[in-house]
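Chemist: I have a structure I would like to understand better, so I am pasting it below and will then ask my questions one at a time.
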Ligand SMILES: Cc1cc2nc3c(=O)[nH]c(=O)nc-3n(C[C@H](O)[C@H](O)[C@H](O)COP(=O)(O)OP(=O)(O)OC[C@H]3O[C@@H](n4cnc5c(N)ncnc54)[C@H](O)[C@@H]3O)c2cc1C
């Protein structure tokens, strides 16, 4: 079978490509992304230019501010955006909270929250993990207690990406402490300006301010902030995770990096020979291209399921584990091939390929942890995909 996009999809790809050429600064796509304040500000400006074109979430229905495009058009869009390393801010909202609200929200919740995402007025963050609950997320201890028409929330979240910029959070809290752990959790939508919320930054290995601790002290949330049924939040939360792990933007990101690395090995000489002539380098580059193509078709499989209105589950875990581990392999291969130059900071005049491999060597570690570690994904693949007994 030969996989091809339709002529209309190719025309759309060209349109996105020329928009990005016009809107991104010269050379933007060659530089590694970063979580700096400056990049965040540029990202916000960039999203302001996407919003009037309804390109923040082009596959969402028109009534919520999308264009109602098909999922394959969304893939085309994501591929071009990621290949050019365009800022993808608020992905928690466009990628996984929004689709969850469409499935479980009331008409009022859809009308209240979805247009704010597509108009780029409301940024969201994900309040799942806690200091003692990561992989075993259902053991979470943040509590929500009913008090009249409100719920009162007390507890702590951790590793909350972008909480320092977020206007709202989607949060899991325990609403029935006596029920079995998966059956006593509810899913809330919370305004981050509510009294009693405080945010404290956590600095990552690359020295960036990317995630946070978030504390809740007697935070009142109206009943309209409850998404889905009381105590049924676990099942909604896992749907959100399935959407999160289904992202199709890993392939184009790695494609760009591998193209740059391959070009580098063809152009750079060591001991009088081009790097690509070294047997080990040739083999590594070839293996990476094989992996990249596997990732591409694993990602397309997930989109194909979604286009049949199915929510991919273990299939999404396969993509997540393969994509994040390929990111690490690429970073490690690049760092070795660039030698000591590879370790230099992007600002150094001696840095090669804008210092991207030194940076990705450090930041790619987190990718195999975020959204559920590789061990947890393998466990899902084993039990739900292969039907093996739980370990
Ligand atoms: C870059 C980044 C961004 C993140 N952003 C967010 C966010 O926005 N919101 C949010 O809520 N969370 C976020 N997280 C947190 C992330 O979801 C958790 O770190 C992750 O679920 C793992 O939990 P933990 O850190 O508590 O590790 P633990 O659960 O303590 O795991 C420690 C180790 O034990 C292994 N392990 C644990 N249980 C098992 C098991 N049953 N079988 C086999 N191995 C096991 C794990 O794989 C891991 O290697 C982010 C994390 C990172 C790195």
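The values are calculated or read from the model by the stated rules, or taken from the named source; none is laboratory data. The structure presented is a predicted model; accordingly, all values stated were derived computationally and were not measured. In this analysis, Cβ positions are derived from the backbone assuming ideal geometry, glycine residues included, and neighbour counts consider all displayed protein chains.
Chemist: Do any strands (runs of 3 or more DSSP E) entirely within the range 156-254 hold 3 or more residues that are touching a strand residue (DSSP E or B) at 6+ places or on another chain (Cβ under 8 Å) and more than 14 Å from the ligand (Cβ to nearest atom), and if so, which?
Modeler: 185-191, 197-203, 209-222
Chemist: Turning to a different aspect of this structure: So residue 339 passes all but one of these: (1) surrounded by 14 or more Cβ atoms within 10 Å (Cβ to Cβ); (2) touching a residue at least 60 places away in the same chain (Cβ under 8 Å); (3) more than 16 Å from the ligand (Cβ to nearest atom). Which condition number does it fail?
Modeler: Failing condition for residue 339: (1).
Chemist: Now for a separate question. Test residue 91 against the stated conditions and say whether it is under 17 Å from residue 230 (Cα atoms), under 19 Å from the mean Cα position of the chain (by Cα) and either within 14 Å of the ligand (Cβ to nearest atom) or buried (at least 23 other Cβ atoms within 10 Å of the Cβ) (or both).
Modeler: No: the conditions fail for residue 91.
Chemist: Here's a follow-up. For the range 1-116, please list each of the helices (runs of 4 or more DSSP H) lying entirely inside it that holds at least 2 residues being at pLDDT 95 or above and in contact with a helix residue (DSSP H, G or I) (Cβ under 6 Å, 6 or more places away or on another chain).
Modeler: The qualifying helices (runs of 4 or more DSSP H) are 7-23, 71-83, 98-104.
Chemist: Of the residues 317, 324, which is buried (at least 16 other Cβ atoms within 10 Å of the Cβ), closer than 18 Å to residue 32 by Cβ and in the same structural domain as residue 378 (by TED's automatic domain parsing)?
Modeler: Numbers: 317 fails: closer than 18 Å to residue 32 by Cβ.
Result: 324 is the single residue among 317, 324 that is buried (at least 16 other Cβ atoms within 10 Å of the Cβ), closer than 18 Å to residue 32 by Cβ and in the same structural domain as residue 378 (by TED's automatic domain parsing).
Chemist: Being more than 18 Å from the chain's Cα centre (by Cα) and either modelled with pLDDT under 95 or away from the ligand (no atom under 16 Å from the Cβ) (or both) narrows it down to one residue among 141, 146; which is it?
Modeler: On the way: 141 fails: either modelled with pLDDT under 95 or away from the ligand (no atom under 16 Å from the Cβ) (or both).
Exactly one residue qualifies, and that residue is 146.
Chemist: While we're here: Residue 351: within 16 Å of the ligand (Cβ to nearest atom) and either assigned by TED's automatic domain parsing to the domain that holds residue 263 or over 30 Å from residue 3 (Cα atoms) (or both), yes or no?
Modeler: no
Chemist: Out of the residues in the range 359-391 that are farther than 13 Å from residue 322 by Cα, more than 9 Å from the ligand (Cβ to nearest atom) and buried (at least 19 other Cβ atoms within 10 Å of the Cβ), state the one that is nearest to the chain's Cα centre (by Cα).
Modeler: Ranking the candidates gives 360 first.
Chemist: Here are the criteria: (1) at pLDDT 95 or above; (2) in contact with a strand residue (DSSP E or B) (Cβ under 8 Å, 6 or more places away or on another chain); (3) surrounded by fewer than 20 Cβ atoms within 10 Å (Cβ to Cβ). Tell me which single one residue 135 does not satisfy.
Modeler: Only one criterion is unmet by residue 135, namely (2).
Chemist: Oh, and also: Considering only residues that are within 21 Å of the chain's Cα centre (by Cα) and within 24 Å of residue 105 (Cα to Cα), which ones fall in the range 170-205?
Modeler: Across the range 170-205, the qualifying residues are 170, 171, 172, 187, 188, 189, 190, 192.
Chemist: Quickly run through the range 117-138 and pick out the residues that are within 10 Å of the ligand (Cβ to nearest atom) and part of a helix (DSSP H, G or I).
Modeler: Passing the criteria: only 137.
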